[in-house]
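Here the structure is laid out as C-alpha cells; the discussion comes afterwards.
Laboratory data are not the source of any read-out in this text; all were calculated from the coordinates shown. These figures come from a predicted structure and were not determined experimentally. Note that we place each Cβ from the backbone using ideal geometry, even for glycine, and neighbour counts take in every protein chain shown.
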Amino acid sequence: MTALPLVLLSLQSSVEFPMASDGRLGVFKFFESDIAHYVFSEIAASVTPLMAGRFSTRLGLEVDTYMGESWNNPDMKFNIYGGHWNIKIEFAWDTGWGEARLYTDHECFHNIDMSDTLSEYMNNVKAGVVLDACPLPRFEDPVFLPSGGMPSGWLSAGVYRPRGDGFQKGHDFDWSIQGEAEMPLGAWRSWTGGVRYRPEFFFHEDGDASSRHRLETYARFAPGDGDEAFELHLTHYPRDTQPFRSLEGETFAGLRFLW
C-alpha cells in the first residue's frame with residue numbers, strides 16, 4: 001500500500017466532530033458620553049465542527065453594538081446607532097506550541113437609526129499563528145510576576161481579495177497586519193491580572209497607511225479548571241487613524257464573561 005492511502009486511512013480513523021465552542025460576552029461604559037459613544041457591547045462565539053489529528057476547522061461570529069445619545073434627541077441614551085460583524089471560516093493546524101491558521105474574514109459595518117445609513121463591508125484572506133498561554137499555578141498568597149510569566153497571543157496578515165463591489169465596499173485597504181499580546185503580571189488564588197496590547201496596521205491601495213492601537217489592563221476570576229471566567233478591564237485607544245468608527249483617545253471600563 002502506498003503512503004497516500006495510509007495517510008488517508010489514518011486521517012479517517014482520527015476524524016472527530018466535537019462541536020466544542022468558546023466565546024465571550026461583554027458590556028463597557030465610555031468615560032466620555034456623546035452621540036457616538038455611551039455604551040459598547042460585544043458577543044463572540046466560535047465552534048469547532050471537525051477535527052482530524054492535528055487539523056481542525058472552526059466557524060466564528062463576532063458582533064459589536066455601539067450605543068450613544070440619539071442624533072436628534074440628546075436626552076435619549078442607549079440609542080443603538082451602529083453594528084459591526086465579523087464572520088470567519090478557519091482552518092488550523094496544531095503545532096504543539098500553538099496553531100498555524102488560514103482563514104477568511106467577512107467584516108461589515110452598518111449604521112442603525114441614523115440620518116446616514118451608509119454601510120461598508122470587506123472580505124479578506126488571512127494567515128497567521130497563535131501562541132498558546134501556559135497556565136499559571138494557583139497561588140495562596142498574592143504574587144507579583146515581574147517577569148510577566150509566559151506571554152500569549154496571535155499574529156495574522158491578510159489581503160483584501162477578491163476585488164469588486166460584490167466583495168469590497170467603502171474602503172481602499174490592500175493588505176493588513178493584526179495581532180495581540182497578553183502578559184500576566186500577578187496572580188492570587190483564582191484571580192489573575194495583566195495587560196494586553198492589540199495593534200492593527202492597514203496598508204491602502206494608494207500607498208497610505210493607517211493603524212489602531214488598543215491597550216487593556218484586566219483582572220480575571222476563573223473559579224475552576226475550565227475556560228469559564230469573568231474579567232474586569234480598563235481599555236484605552238491611544239491611536240486610531242483607520243477610517244471606520246475611530247476610537248482614538250477613547251477610554252472605557254467594563255465586564256466580560258468568557259467560556
Mean-position separation - Cα centroids, region 156-171 and region 198-231, in angstrom: 22 Å
Helix-only [θ]222 nm of the chain, DSSP H runs n ≥ 4, -39500 (n - 2.57) each, per residue, nearest 500: -1500 deg cm²/dmol
Unit charges on C-beta of K, R, D, E only; dipole of region 146-259, Debye: 260 debye
Whole-number percent relative contact order across the chain, with pairs defined as alpha carbons under 8 Å at least 6 apart: 13 percent
Overall Cα dimensions of the chain, principal axis frame, Å, largest first: 72, 57, 33
Most mobile of PHE28, PHE144, PHE109 in a GNM of the chain (Cα contacts under 10 Å): PHE144
Extreme residue, positive dipole direction of the chain, given options GLY224, VAL195, GLY170 (C-beta unit charges): GLY224
Electrostatic dipole magnitude of region 3-258 [Cβ: Lys, Arg +1; Asp, Glu -1; Cα centre; debye, to 20]: 580 debye
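From Cα pairs below 8 angstrom and at least 6 apart in sequence, can you work out the relative contact order of region 123-213, rounded to a whole percent?
The normalised contact order for region 123-213 reaches 28 percent.
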Karplus 3J(HN,Hα) series, Hz, for region 233-245 with 6.51 cos²θ - 1.76 cosθ + 1.60 (x for Gly, Pro): 8, 10, 10, 9, 10, x, 8, 7, 10, 5, x, 9, 6
Sites matching chymotrypsin sites (Phe, Trp or Tyr not before Pro) across region 155-253 that sit in DSSP coil, with at most 14 neighbouring C-beta atoms within 10 Å: PHE167
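Among the GluC sites (Glu not before Pro) within region 184-259, which fall in a DSSP loop and have no more than 14 other Cβ atoms within 10 Å of their own Cβ?
On the way: sites: GLU200, GLU205, GLU216, GLU228, GLU231, GLU248, GLU250; in loops: GLU205, GLU228, GLU248, GLU250.
Here the GluC sites (Glu not before Pro) that fit, given the DSSP loop and packing criteria, are GLU205, GLU228, GLU248.
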Total lysine pairs whose alpha carbons fall under 26 Å of each other in region 3-258 (8 or more apart, or interchain): 4
